[in-house]
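Participant: My questions will all concern the structure given below.
The values are calculated or read from the model by the stated rules, or taken from the named source; none is laboratory data. The structure presented is a predicted model; accordingly, all values stated were derived computationally and were not measured. Neighbour counts run over all protein chains shown; Cβ positions are idealised from the backbone, glycine included.
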Amino acid sequence: MNAPAAPIGPPMWLLAEVTYRCPLHCVFCYNPVDFARHEDELSTDDWLRVLHEGRELGAVQCGFSGGEPLLRDDLEVLIAEARRLGYYTNLITSGVGLTEARLDAFKAAGLDHIQLSFQDSSREINDFLTHTRTFELKQRVGEMIKARGWPMVMNVVIHRLNIEHIGRIIEMADALGAEYLELANAQYYSWALLNRDQLMPSREQLRRAEAVTDEWKARLAERMRILFVVPDYHEGKPKKCMNGWGNVFLTVTPDGTAQPCHTARMLPGLDFPNVQEHSLRHVWFESEGFNHYRGTGWMKEPCASCEDKEKDYGGCRCQAYLLAADPDAADPVCPKSPHHEHVAAALEQAETAAPSTKPLIFRDPKESRRLCGQD
Ligand code: SF4
Ligand code: SF4
């Protein structure tokens, strides 16, 4: 195990991934491709204990996500307890299953913030990308959230299949009264990596989308904050993944496995503890999984002697593993990485791509079982 260089501070965010179940089938879903292997879910009592321990540890924000967290019928109880404990609470949802009655219950429980995801400005693309008929429903949910006085916070994952609609997406958000819109370019992990050839935009598409976004930013400056998150592949700059491994975020997955980020379980040779067997204090301060990539002591060249190593901590460990089969490598997004050719080839493919003939792979349990060899 590598010893972390600096004293370890407390986590700021507790991310409760309460279920991998989801009625949608997004082609860019960030859940692990083998999520169907991990179908067990913590009980309500387990989650309540996790919330207590997280707060004792010093976490101040608690995000409830999934899958679709609304599929847990104890969500109201968990939110109320998180609020009582003093967390700032955040629900990350597709909105599917959000009724007037449930929203009233969340309001009574003290929920601070809801982030609603949309896939596109058009029914056709929204419903195609999720393999569901949910476009109108999401619009209704947006109105219901707004009517209860929560700020309207929308998130749209941007990729080749919707990037040309970016102006209309912003218009739609404005019509729904969004105060905050995150246009998050797809990150190529999990299901998005499987579908990368079909999802990755060209540089020109990205440039146009950013220019359109800038026009709208200026036009709507008074009433909407728009964030355009540039993909790391195109930027050629490794991201400071999760703000540093085991630095800010503590994620607990549906079956209780605790990880520094929601995909870390894929990394070979690392042992991530389960909250049913260990306290969050042990998880955060003592476990091998949380300590292994803390700080910079684990790095090899070119990161070890790089002047930027404290800025980006060598980028993303999952990306290094997914693209270079080496979780200790410099993130291949970095031009200095000996594995940068993987990213360069994907970018080249996106420049020259004729419409891809590969079928999209939709996220669903059956597909997950097939992909991890269980079917
Ligand atoms: S990205 Fe889509 S399929 Fe994945 S959890 Fe979110 S709503 Fe469900
Ligand atoms: S070599 Fe490593 S530390 Fe330096 S910029 Fe690239 S990924 Fe970051």
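Participant: Tell me which helices (runs of 4 or more DSSP H) are completely within region 56-137 and hold 2 or more residues being among the polar types (S, T, N, Q) and at pLDDT below 95, or say none if there are none.
Facilitator: Working: elements: 75-84, 100-109, 123-130.
Per the criteria, 123-130.
Participant: Here's another thing I want to ask about it. Just to be sure before I move on: is Ile163 in contact with a Pro (Cβ under 6 Å, 6 or more places away or on another chain) and more than 16 Å from ligand 2 (Cβ to nearest atom) in the structure I sent?
Facilitator: yes
Participant: May I ask you to say which residue of Arg281, Arg317 is of a type in the set (Lys, Arg), more than 29 Å from Leu199 (Cβ to Cβ) and touching a Leu at 6+ places or on another chain (Cβ under 9 Å)?
Facilitator: It is Arg281.
Participant: How many residues does region 211-245 hold that are in a loop (DSSP other than H, G, I, E, B) and more than 16 Å from the chain's Cα centre (by Cα)? Spell out the reasoning first.
Facilitator: Taking region 211-245 and keeping what is in a loop (DSSP other than H, G, I, E, B), we get 220-224, 230-231, 236-240, 244-245.
Subsequent filtering for residues that are more than 16 Å from the chain's Cα centre (by Cα) retains 220-224, 236-238.
Count: 8.
Participant: So, one more: How do the helices (runs of 4 or more DSSP H) wholly within region 261-375 filter down when requiring 1 or more residues that are touching a residue at least 12 places away in the same chain (Cβ under 8 Å) and either more than 30 Å from Arg203 (Cβ to Cβ) or within 16 Å of ligand 1 (Cβ to nearest atom) (or both): which remain?
Facilitator: In region 261-375, the matching helices (runs of 4 or more DSSP H) lie at 288-291, 365-371.
A quick yes/no check of all residues on (1) surrounded by 17 or more Cβ atoms within 10 Å (Cβ to Cβ); (2) over 25 Å from Leu371 (Cα atoms):
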| site | (1), (2) |
| --- | --- |
| Phe28 | yes, no |
| Glu41 | yes, no |
| Arg55 | yes, yes |
| Cys62 | yes, yes |
| Gly66 | yes, no |
| Leu70 | yes, yes |
| Asp74 | no, yes |
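Participant: Continuing with the same structure: Out of curiosity, is Gly295 farther than 24 Å from Cys29 by Cα, within 9 Å of ligand 2 (Cβ to nearest atom) and under 24 Å from the mean Cα position of the chain (by Cα)?
Facilitator: The answer is no for Gly295.
Participant: Sticking with this structure for a sec: Please count how many residues of region 17-41 are away from ligand 1 (no atom under 14 Å from the Cβ) and under 14 Å from the mean Cα position of the chain (by Cα).
Facilitator: 0
Participant: Does at least one position in region 42-63 carry a residue that is under 23 Å from Thr132 (Cβ atoms) and not polar (S, T, N, Q)?
Facilitator: The initial filter retains those residues of region 42-63 that are under 23 Å from Thr132 (Cβ atoms), namely none.
There is no residue in region 42-63 that is under 23 Å from Thr132 (Cβ atoms) and not polar (S, T, N, Q).
Participant: Return yes when Cys318 is surrounded by 21 or more Cβ atoms within 10 Å (Cβ to Cβ) and either farther than 30 Å from Glu41 by Cβ or within 16 Å of ligand 2 (Cβ to nearest atom) (or both) and no when it is not.
Facilitator: Criteria met by Cys318.
Participant: May I ask you to list pairs of residues, at least six apart or on different chains, whose Cβ atoms are under 6 Å apart, with the first in region 174-202 being within 14 Å of ligand 1 (Cβ to nearest atom) and the second being of a type in the set (Ser, Thr, Tyr)?
Facilitator: Qualifying pairs under 6 Å: Tyr189/Thr263; Ser190/Tyr30.
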